[in-house]
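Quick notes on the structure that follows.
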Amino acid sequence: MSLVRVRDRDGVEHETDAQAGLTLMEILRDLDVGIAALCGGMCSCATCHIHVDPAWADKLPAANPDEKELVSELEHVKPESRLSCQLRLTDELAGLTVTVAPEE
């Protein structure tokens, strides 16, 4: 299990133990913190947009071209913007901290 910390759109912080191997989107969707995940993780809608705590940015795999393109079109994009459907949890990511991005 990996600890995940998330701040929702209202600024409320949540912590959950998440199973390694799941995508961050699956965990956040089930936690009900504002992640719609309309495409179900197919990297086609960006409704799972998050801002990763800068301390974690270098520990994550690089975004693929499809993710980069979707994120670049968002209004609330930041350097630490990612799509949570593209981040698979591993034991090395225990403690990962993210913020749910404002709704587009």
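Among the residues that make up the range 42-53, is at least one of them hydroxyl-bearing (Ser, Thr, Tyr) and farther than 13 Å from Glu104 by Cβ?
Initial filter on the range 42-53 (hydroxyl-bearing (Ser, Thr, Tyr)): 44, 47.
Still in the list and also farther than 13 Å from Glu104 by Cβ: 44.
Yes, the range 42-53 has at least one match.
Of everything listed in (1) of a type in the set (Ser, Thr, Tyr); (2) modelled with pLDDT of 95 or more; (3) open to solvent by less than 70 Å² (accessible area, probe 1.4 Å), the single unmet condition for Thr90 is (2).
What single numbered condition from (1) closer than 21 Å to Ser2 by Cα; (2) open to solvent by 20 Å² or more (accessible area, probe 1.4 Å); (3) not in a strand (DSSP E or B) fails to hold for Thr97? Result: Thr97 fails condition (3) only.
Annotation note: Cβ proximity below 6 Å between a residue of the range 62-75 that is more than 14 Å from Ala101 (Cβ to Cβ) and a residue that is surrounded by 13 or more Cβ atoms within 10 Å (Cβ to Cβ) (sequence gap 6+ or interchain) occurs for Asp66/Cys43. Per the conditions (1) of a type in the set (A, V, I, L, M, F, W, C); (2) over 16 Å from Ala94 (Cβ atoms); (3) part of a helix (DSSP H, G or I); (4) in contact (Cβ under 8 Å) with a residue 40 or more places away in the chain, the sole criterion not satisfied by Cys43 is (3). Screening Asp10, Asp66, Asp58, Asp17 for residues that are outside any strand (DSSP E or B), modelled with pLDDT under 95, out of contact with any helix residue (DSSP H, G or I) (no Cβ under 7 Å at 6 or more places or on another chain) and surrounded by fewer than 15 Cβ atoms within 10 Å (Cβ to Cβ) leaves exactly one candidate, Asp58. Mind telling me which of the residues Ile27, Ile35 ends up being of a type in the set (Val, Ile, Thr), under 12 Å from the mean Cα position of the chain (by Cα) and part of a helix (DSSP H, G or I)? After ruling out the rest, the residue left standing is Ile27. Within the range 46-55, being part of a loop (DSSP other than H, G, I, E, B) and either touching a residue at least 40 places away in the same chain (Cβ under 8 Å) or farther than 17 Å from Leu89 by Cβ (or both) holds for Ala46, Thr47, Asp53. Among the residues of the range 69-94, those identified as touching a helix residue (DSSP H, G or I) at 6+ places or on another chain (Cβ under 7 Å) and either among the hydroxyl-bearing types (Ser, Thr, Tyr) or part of a loop (DSSP other than H, G, I, E, B) (or both) are Val77, Glu80, Ser81, Ser84, Leu87, Leu89.
The values are calculated or read from the model by the stated rules, or taken from the named source; none is laboratory data. The shown structure was predicted, so the numbers you read here are calculated from the model rather than taken from an experiment. Methodologically, a virtual Cβ is constructed for each residue, glycine included, from the backbone with ideal geometry; neighbour enumeration extends over all protein chains shown. Calculation scope for accessible area: heavy atoms of the full protein, side chains included, ligands and nucleic acids excluded. Shrake-Rupley method; radii C 1.70, N 1.55, O 1.52, S 1.80 Å.
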